[in-house]
1. Give the range 101-158 a look and list any residue that's surrounded by fewer than 24 Cβ atoms within 10 Å (Cβ to Cβ), part of a helix (DSSP H, G or I), free of Cβ contacts under 8 Å to residues at least 60 places away in the same chain and aliphatic (A, V, I, L, M), or say none.
2. Looking at the range 317-355, which of its residues are among the small types (Gly, Ala, Ser) and free of Cβ contacts under 8 Å to residues at least 12 places away in the same chain?
3. For the range 279-289, does any single residue satisfy the condition of being surrounded by 22 or more Cβ atoms within 10 Å (Cβ to Cβ) and in contact with a Pro (Cβ under 8 Å, 6 or more places away or on another chain)?
4. Which number in (1) at pLDDT below 95; (2) under 29 Å from Tyr208 (Cβ atoms) marks the one condition that Asp387 misses?
5. Within the range 57-74, does at least one residue satisfy the condition of being modelled with pLDDT of 95 or more, out of contact with any Lys or Arg (no Cβ under 6 Å at 6 or more places or on another chain) and of a type in the set (Gly, Ala, Ser)?
6. Determine whether Thr238 is outside any strand (DSSP E or B) and at pLDDT 95 or above.
7. Could you tell me which residue of the range 191-236 is surrounded by the fewest Cβ atoms within 10 Å (Cβ to Cβ), considering only residues that are among the hydroxyl-bearing types (Ser, Thr, Tyr) and within 21 Å of Val309 (Cα to Cα)?
8. Quick check: anything in the range 316-329 more than 25 Å from the chain's Cα centre (by Cα), assigned to a loop (DSSP other than H, G, I, E, B), modelled with pLDDT under 95 and not small (Gly, Ala, Ser)?
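The values are calculated or read from the model by the stated rules, or taken from the named source; none is laboratory data. Values in this document were obtained by computation on a predicted structure and should not be read as measured data. Here the Cβ positions follow ideal geometry from the backbone for every residue, glycine too, while neighbour counts run over all protein chains shown.
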Amino acid sequence: MSAHYGVPRRRGRAASVVHGRWADLGQSLFARGDLASDWVPAFAAVPRSAFLPDDIWPYDPVRGDHVHVSRLDDPARWQAYADTDVPVVTQWDENSDTHTPLTEPTSSSTMPSITLSMLRDLDVEAGSRVLEIGTGTGWSAGLLAHRLGRCNVVSVEVDAAVAARARARLGRMGLPVPVIGTDGLVGHPAGAPYDRIIATCGVREIPYAWIRQSCGGGLILAPWGTHYTPMDVNVLLTVDRDARYASGRFLGPLEFTKLRAHRLAPPKHHNYLARHPFNKASASLTATTAAELGPGRFDAARFAVGVRVPDCVHAAGTERDGVQPVWFYSLTDHSWAAVTFRGPTGLATVRQAGPRRLWTEVEEALHWWHAHGCPGFERFGLTATADGETVWLDDPATPCRSPA
C-alpha cells in the first residue's frame, strides 16, 4: 500500500499492520475514487478490523444474506470479511449476546467504500470540528480523529452498550474520541458549533438541532429518506451564515440503520383491513406495471414516489407464478391500496380503501416523475428550516409537491 500511495507504515499506539487484503481494498477504493488521497494515511493506520467484535454477521453477496462468523472459531475467515467491502452487522435487536440474527440489525459497520466516500464528501479541512451522529463500532470516528485530531471530533451514540464498546476500541487505538451516550436527534450542544456534522444512520427528517449546532457555512451530510421504502439518499446541506436553515443537493442512494427515533414499526396489516375490509374496497384496473414502480432497490422512481406520496409505506409481496401483490399503507389513517400484478405486461387489479386513494397518488407521482424527464437523485435537493423541510427538483424554488 505504501509503495502505491506514498504512505509509510505507521508506528505507535494508532499503528497497525496493513494486511494484504486491506491494502488491496485500499488500492481498489483509491482507483474508484471512494478513497481520497488525503484520507489514505487514516485508512492505513486505522483498519476496520480493529473496531469489530469477535462475532460478526457480514453480508455474503453469494448467499445474498448475512452469515455469522466468529473470530475465535475461524480467524482467517473473520479477517477476510473484515477487510472486504461488505457491510457487517454487529448487533441485532439491541441484543449483542445472541449468535442468532433476529429481525432487525441495530448496529453495524458500513461498507468501507461508503464510509470513505462519505468522508470524502464531508470535505473536512485542518482544524475542522466534526460531530458524528451514530458512533456504531467507532471506526468512522477513529478515521476522523486520525485525520483531524481527537480534540476536533465528538461522536454521539444512543445505545449505551454500543457506545461503551466503541469508546474502549478508540482508546485502545490511541484515539480517545469523546463518545457521548445520547440520542443523535438532539446532537451535542455542549460541543457546538461544528464545522461539519455527519450522520451514519438514516433519518426521515433533518433534526433542526443539527442546524442550530452548526457553524455558518458548515456542512451537514446525512442519509435521508421517506417511509415509502427503507432506502436512504445522502444529502449534503450547506448551513446559512446565521445557522437558521440548511439547503443542498442529494448525492446517491444507500441504506443505513435508522436513527432510533425515526424507526418505523411495520404496518399491522390486519388493523388496516379491520378498519376498511377488503370486500368493501373500490376496484379498478391499471396499465402501470410492477417494473414502473422502480425495478431496483435503489431506484430514483421509488425515491420520487416517496417524496410525492408522504406518510406511505410500500410493501411488495412475493411473486408466485407471475403474480405479485403490492400493498400501500397510509401512516396518517388506515387507508390502504393493493395492486395485483400479473406478468410483465397486461392490466393489474387495483383495490383501494379509506380516505386516501393511495394508488391514485402513486400513479400521479410516477406520471410527475416521467413528465420531468425521469430525474436521477442528483437533480433533487432539500431545504430544512425550523418550520420543516422541502424537497425540490433542480432549484429550491421548485418544490416537488405543494405544501399540505
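1. Leu148, the sole residue that qualifies.
2. Gly317, Gly346, listed by residue number.
3. No, every residue in the range 279-289 fails to be surrounded by 22 or more Cβ atoms within 10 Å (Cβ to Cβ) and in contact with a Pro (Cβ under 8 Å, 6 or more places away or on another chain).
4. (1)
5. yes
6. no
7. Thr229
8. Checked against the condition, which is being more than 25 Å from the chain's Cα centre (by Cα), assigned to a loop (DSSP other than H, G, I, E, B), modelled with pLDDT under 95 and not small (Gly, Ala, Ser), the range 316-329 yields at least one hit.
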